[in-house]
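A.B. asks: Here's a structure for you.
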Amino acid sequence: MEAIITIVGFLGSVKTTLSRLLKNNYVNRGYKPFILLFFIISNNSFSDNSLDSLYTILNQEMINSVEYNKTKELRIANLNIELENSKSLKDQYEKRKKLIDEYQYYNLNKAIENIEINLTLAKQIDDLNLNTETLLKFTQLLISSGQYKESIDILNQLNKNIISEDNIIQYYKNYADGYSRLSYYTIANDSKNKYFNLYNIYKDSLVTYFDKNSEFYLDLEEKKFRDNGQIADALTINDQRLKLVNEVFKTVLNN
């Protein structure tokens, strides 16, 4: 699976600069990004030179995608070599955990294959925390691939009272993400309302772990206002999030 970055706006240098920054950020995190640029072209902003520059950038990104794949495959190959030389079960678990992260948005079947092996290793190590950690990663992948109900079924098997502090945030986040998407895609109104109420329950639990000025908290608040039809409030929150992005943008440019 790949990360798809979509940028919409008037043709200009800011969006092409932003696309480079976003692309580099995603590559550094192990994603294989594809950048989609949708431009509103006005008489004031249009020029053949601008379009030529845009085509040059897009063409270069397509060429670079081959190198992204090579870099990804090299990291995977090195991890597999380390795995072959790994002697302890815990070390094997940690190596496969890294493989899962590499495969997560690259090859879903391989990611799930390594998750299943890690579930077996967690049982052999007899570590409930590792088992929970792996199941949470599994449900996260299921949600990202559209298997919302299956992910919720797995989450329902976990005992919240014995989940460690390291995993509890991911536990609430997966529930919130799963129910949010079920609510959005379900046609029947009764089910839609039920899933939306469950989303709010887990979202309310989740926000207690984050600072009110953090991107994660603001993202949830904006969604809440938007879902409730409070567009003005949603736009206000969106302005706050844009300020955070601008601060990051300035920091990157200054480095």
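The values are calculated or read from the model by the stated rules, or taken from the named source; none is laboratory data. From a predicted model like this one, the values you see are computed outputs, not experimental measurements. Ideal geometry is used to build each Cβ from the backbone, glycine not excepted, and the neighbour counts take in all protein chains shown.
A.B. asks: Based on what the data block shows, is Tyr171 in the same structural domain as Leu128 (by TED's automatic domain parsing), under 19 Å from the mean Cα position of the chain (by Cα) and either surrounded by 14 or more Cβ atoms within 10 Å (Cβ to Cβ) or among the β-branched types (Val, Ile, Thr) (or both)?
C.D. replies: On the way: in the same structural domain as Leu128 (by TED's automatic domain parsing): yes; under 19 Å from the mean Cα position of the chain (by Cα): yes; either surrounded by 14 or more Cβ atoms within 10 Å (Cβ to Cβ) or among the β-branched types (Val, Ile, Thr) (or both): yes.
Answer is yes for this residue.
A.B. asks: Further question: Kindly evaluate Lys203 against the criterion of being modelled with pLDDT of 85 or more and either over 17 Å from Lys173 (Cβ atoms) or of a type outside the set (S, T, N, Q) (or both).
C.D. replies: Working: modelled with pLDDT of 85 or more: yes; either over 17 Å from Lys173 (Cβ atoms) or of a type outside the set (S, T, N, Q) (or both): yes.
Answer is yes for this residue.
A.B. asks: Against the conditions (1) modelled with pLDDT of 95 or more; (2) in contact with a strand residue (DSSP E or B) (Cβ under 9 Å, 6 or more places away or on another chain), where does Leu121 fall short? Just the number, please.
C.D. replies: Of the numbered conditions (1) modelled with pLDDT of 95 or more; (2) in contact with a strand residue (DSSP E or B) (Cβ under 9 Å, 6 or more places away or on another chain), the odd one out for Leu121 is (2).
A.B. asks: Anything in the range 176-202 that is within 15 Å of the chain's Cα centre (by Cα) and within 26 Å of Leu130 (Cα to Cα)? List them, or say none.
C.D. replies: Scanning the range 176-202 gives Ala176, Asp177, Gly178.
A.B. asks: Considering only the range 210-217, I want to know if a residue exists there that is of a type in the set (A, V, I, L, M, F, W, C), surrounded by 11 or more Cβ atoms within 10 Å (Cβ to Cβ) and under 24 Å from Thr236 (Cα atoms).
C.D. replies: Let us first name the residues in the range 210-217 that are of a type in the set (A, V, I, L, M, F, W, C), namely 210, 216.
Pick out the ones that are also surrounded by 11 or more Cβ atoms within 10 Å (Cβ to Cβ) and you get 210, 216.
From the residues that got through so far, the ones that are under 24 Å from Thr236 (Cα atoms) too are 210, 216.
Yes - at least one qualifying residue is present in the range 210-217.
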